[in-house]
Number of protein chains: 2
Amino acid sequence: MDFKNKMNIWVGEVNKALDAFVPEKSSPEANIYRAMRYSLMAGGKRMRPVLSLAVCELLDGSMEEVMPYACAIEMIHTYSLIHDDLPAMDNDDYRRGRLTSHKVFGEGIAVLAGDALLNHAFETMINYTYSNPGGITAKLKAMSVIATASGANGMIGGQVVDLESEDREIQAEILRYMHRCKTGAMINASVLSAAILCKAEKKDIEALETYSNNIGLAFQIKDDILDIEGNPEKLGKNIGSDIDNKKTTFITLYGMEASKRMLAELTAEAIDAVEARFAEKAGFLKYLAEYLLKREN
Amino acid sequence: MDFKNKMNIWVGEVNKALDAFVPEKSSPEANIYRAMRYSLMAGGKRMRPVLSLAVCELLDGSMEEVMPYACAIEMIHTYSLIHDDLPAMDNDDYRRGRLTSHKVFGEGIAVLAGDALLNHAFETMINYTYSNPGGITAKLKAMSVIATASGANGMIGGQVVDLESEDREIQAEILRYMHRCKTGAMINASVLSAAILCKAEKKDIEALETYSNNIGLAFQIKDDILDIEGNPEKLGKNIGSDIDNKKTTFITLYGMEASKRMLAELTAEAIDAVEARFAEKAGFLKYLAEYLLKREN
């Protein structure tokens, strides 16, 4: 099977699992589930859960056991986008080619839909762990990794720095801290939680963390590039929002040429790390890193 | 020891534990922790964690083991207040006698501080369970009860109905559903999670659930009464907000006199249930129900 095919199959399986974890409901819960599903089922890249599945396959783990945690990560990622798009934050009208949650449901329901997705992520993991207690210590450790990554010392911490950095220039060190938290933490958690669930050895985890840290930062640099050079139609959102919000980005700090070089170097290092450890078994992770490098949305 | 004394001691212990679970931090996490602590350490009644501790004592459980879950419930309760006070929701300027979070930190940080407290609640429970795996099945079951109570089918579901009910009259059935979810679910979870952690028998749980369901609804009726007859200084917030928001309450549906009668009846039934099962050991729960009946804030 070629990698693109595998990617499509995994995205399909993630979508199917998400659809089951957050189903349509009848009244009185109908409206909140509709708002949760509007954002969750909007067809994102599913990079994070696909990363978890790729690590699981690489380590000969059980896809069925990894899926609930992978889907929880996607729920957390989606809630963060809903809150990030709010007028009080980035004030974005479009996301993935559709109106943002608060534009469709109003601000109050958008806040609650985000809250509900975050809560549901933990509900999903906890209930699955309770009902499937085999390997319970690894499952709790995986949940701990995810909870730390999404919290005040991880993703939310990054968003706070991001919010505080609008309209003023920040230093390279703070920009890297912000991205390591805001985007990097959950990408890293996708890889690390799956590795823990699949009982990875220490050397495996080291190679996988080098990979995820590198593609996490590369992902953010690519986002900064796309906000200038991207095609709004393919992106599904307007470009130039960093400039409008006077944000410091890799481009404003290092320029476009150096940013593209960093992007290529980080991607190459990510691939080297997993190829050195897993040889040809790292094929899909290599494909994924290159796909993220070349992506247009 | 008299009950009032015991209450004060437990509130003090809860505050100490919360202070340790959500400590002050230095930069770059300083600001988000400051916003989390501003609302969390604002001196609420701590009714929910105190309920957990009371159930724990009643069942001869370990206070140390119950505390992390009790504190997590208080973190969830606090986050719900921060988001509930936002301009897009109830738009309240004061809470517990102090400016609301968004008035002090701005709306963006208030949204993130709420998110961070919800996340931290799960982080706290998961990390404690991982580090203290004795009785792990009961701990996961307690977490599951809490996660379900705070989610789209519990507290958040109630807030959605509340938000959708502004400016229009709703039926008694929907009002009860709303309160059972919005306030009742987490009060019930405080009692039920502690009972599970302390390995309660089925008959214990039945008596405790009758108690918590009754005081949950009584609590809301009392809130509706205080919004009309309360003293703004003692309440720490303005009164009349239900009328301003044209909300259906127990008072608009049944009138003041009948509401007060319902409040007294629900409290009496709550006390009867636990006295019938636990006799004099239910003393503190009786005191707490009467305290909630007579409270002025």
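The values are calculated or read from the model by the stated rules, or taken from the named source; none is laboratory data. Because the structure is a prediction, the values reported are computed rather than measured. Positions of Cβ are backbone-derived with ideal geometry, glycine not excepted, and every protein chain shown enters the neighbour counts.
Please go through the stretch A:219-257 and give me each residue that is charged (D, E, K, R), under 14 Å from residue A:96 (Cα atoms) and more than 20 Å from the chain's Cα centre (by Cα), ordered by number.
Within the stretch A:219-257, just A:233 meets the criteria.
Quick check on this structure: which one of A:175, A:163 is farther than 22 Å from residue B:124 by Cα, aliphatic (A, V, I, L, M), out of contact with any Gly (no Cβ under 7 Å at 6 or more places or on another chain) and at pLDDT below 95?
Details: A:163 fails: out of contact with any Gly (no Cβ under 7 Å at 6 or more places or on another chain).
Of A:175, A:163, the one residue that is farther than 22 Å from residue B:124 by Cα, aliphatic (A, V, I, L, M), out of contact with any Gly (no Cβ under 7 Å at 6 or more places or on another chain) and at pLDDT below 95 is A:175.
Is it true that residue A:109 is of a type in the set (A, V, I, L, M), part of a helix (DSSP H, G or I) and over 21 Å from the mean Cα position of the chain (by Cα)? Working first, answer last.
Details: of a type in the set (A, V, I, L, M): yes; part of a helix (DSSP H, G or I): yes; over 21 Å from the mean Cα position of the chain (by Cα): yes.
The answer is yes for residue A:109.
Could you say which residue among B:283, B:236 is modelled with pLDDT under 95 and more than 20 Å from residue B:179 (Cβ to Cβ)?
On inspection, the qualifying residue turns out to be B:236.
Among the residues of the stretch B:70-88, write down those that are outside any helix (DSSP H, G or I) and crowded, with 21+ Cβ neighbours inside 10 Å.
Within the stretch B:70-88, B:86, B:88 meet the criteria.
Go through the stretch A:28-61 and count every residue that is touching a residue at least 24 places away in the same chain (Cβ under 8 Å), under 24 Å from residue A:129 (Cβ atoms) and not in a helix (DSSP H, G or I).
Number satisfying all stated conditions: 4.
Applying the selection to the stretch A:235-244, what residues are touching a residue at least 60 places away in the same chain (Cβ under 8 Å) and part of a helix (DSSP H, G or I)?
Listed by number, the residues that qualify are A:235, A:241.
Which residue is surrounded by the fewest Cβ atoms within 10 Å (Cβ to Cβ), if the candidates are limited to the stretch B:119-136 and must be more than 7 Å from chain A (Cβ to nearest Cβ) and assigned to a helix (DSSP H, G or I)?
B:131
With A:110, A:116, A:147 as the choices, which residue is crowded, with 24+ Cβ neighbours inside 10 Å, touching a residue at least 12 places away in the same chain (Cβ under 8 Å), more than 7 Å from chain B (Cβ to nearest Cβ) and in contact with a helix residue (DSSP H, G or I) (Cβ under 8 Å, 6 or more places away or on another chain)?
The unique qualifying residue is A:110.
List the residue pairs whose Cβ atoms are under 9 Å apart, where the first residue sits in the stretch A:78-106 and is at positive phi, the second is in a loop (DSSP other than H, G, I, E, B) and hydrophobic (A, V, I, L, M, F, W, C), and the two are 6 or more positions apart or on different chains.
Note: pairs meeting the criteria are A:96/A:42; A:97/A:42; A:106/B:88.
Considering the stretch B:11-27 alone, what residues qualify as being in contact (Cβ under 8 Å) with a residue 40 or more places away in the chain and within 14 Å of chain A (Cβ to nearest Cβ)?
B:21, B:22, listed by residue number.
Given the condition under 30 Å from residue A:278 (Cα atoms), surrounded by fewer than 23 Cβ atoms within 10 Å (Cβ to Cβ) and without any contact (Cβ under 8 Å) to a residue 60 or more places away in the chain, answer yes or no: does some residue in the stretch A:154-167 qualify? Outline the logic, then answer.
Taking the stretch A:154-167 first, the residues under 30 Å from residue A:278 (Cα atoms) are A:154-155.
Now drop any that are not surrounded by fewer than 23 Cβ atoms within 10 Å (Cβ to Cβ), which leaves none.
For the stretch A:154-167, residues under 30 Å from residue A:278 (Cα atoms), surrounded by fewer than 23 Cβ atoms within 10 Å (Cβ to Cβ) and without any contact (Cβ under 8 Å) to a residue 60 or more places away in the chain: absent.
Does the stretch B:23-51 hold any residues that are touching a Cys at 6+ places or on another chain (Cβ under 9 Å) and modelled with pLDDT of 95 or more, and which are they?
The first filter runs over the stretch B:23-51 and keeps only residues touching a Cys at 6+ places or on another chain (Cβ under 9 Å), leaving B:28, B:49.
Across the stretch B:23-51, the qualifying residue is only B:49.
Can you pull out every residue in the stretch A:89-107 that is at the interface with chain B (Cβ under 9 Å from one of its Cβ atoms) and surrounded by fewer than 18 Cβ atoms within 10 Å (Cβ to Cβ)?
Matches in the stretch A:89-107: A:106 only.
May I ask you to list the residues in the stretch B:1-31 that are closer than 18 Å to residue B:109 by Cβ, surrounded by fewer than 17 Cβ atoms within 10 Å (Cβ to Cβ) and not charged (D, E, K, R)?
If the condition is that a residue be closer than 18 Å to residue B:109 by Cβ, surrounded by fewer than 17 Cβ atoms within 10 Å (Cβ to Cβ) and not charged (D, E, K, R), then B:26, B:27, B:30 are the ones that fit.
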